[in-house]
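What follows is a set of notes on a single structure, which appears directly below.
No value in this document is a laboratory result; all are computed from the given coordinates. What you see is a predicted model, and the numbers here were worked out from it, not measured in a lab. Positions of Cβ are backbone-derived with ideal geometry, glycine not excepted, and every protein chain shown enters the neighbour counts.
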Amino acid sequence: METRLNQLKDFLNESPNDPFLKYALTMEYLKLGDHKQAQIGFEDLIANYSEYMGTYYHFGKFLEEQGNKDSALSIYKQGMELAQRKRNYHALGELKTAYMMASGLLDEDE
């Protein structure tokens, strides 16, 4: 039986420049607890597919969980700038909330 991870790798071999597949693979690594591969995947997405909006929120949360709040804030900020440029107000709202929570300016209860 083929695992989801192997399926995603096969799809990526067929379409090596598909940011959605790279994102899906990164999220699968995260789900499996392979933080090293998840980190590599997120960094690749930011470096080579910076317009892929979904990366910023999840990479920021990942960095927060790794105890790297400053980097998380930086990623959220980059994502907010991209969302503003693309007029993606839903993503902008999510990223602003995540940024404010990470900054301690907003409690989860608010």
Specify the inter-centroid distance of region 51-110 and region 1-34, based on alpha-carbon positions, in whole Å. 23
Charge tally in the Cβ shell below 13 Å around P19, where Lys, Arg are +1 and Asp, Glu are -1, P19 excluded: -2
Which angle between 0 and 90 degrees, to the nearest 10, do you get for helix 19-31 versus the longest principal axis of the chain when only C-alpha atoms count? 80
Taking Cα atoms, the helix 89-103 axis meets the longest principal axis of the chain at an angle in degrees (rounded to 10) of 70
Divide by every residue of the chain the summed helix terms, -39500 (n - 2.57) for each DSSP H run of at least 4, and state the resulting mean residue ellipticity at 222 nm, rounded to the nearest 500 deg cm²/dmol. -24500 deg cm²/dmol
If you rank I75, I46, I40 by fewest surrounding Cβ atoms within 10 Å, what's the result? I40, I46, I75
Taking E94, E43, E2 and counting other C-beta atoms within 10 Å, the order from fewest to most: E2, E43, E94
Given a cut-off of 23 Å, name the pairs among K9/K36; K9/K86; K22/K86; K31/K86; K36/K61 whose C-alpha atoms lie farther apart than that in the structure shown. K9/K86; K31/K86
Measure nothing but the geometry: give the 0 to 90° angle between the long axis through the Cα atoms of 4-14 and the longest principal axis through the Cα atoms of the chain, rounded to 10°. 80
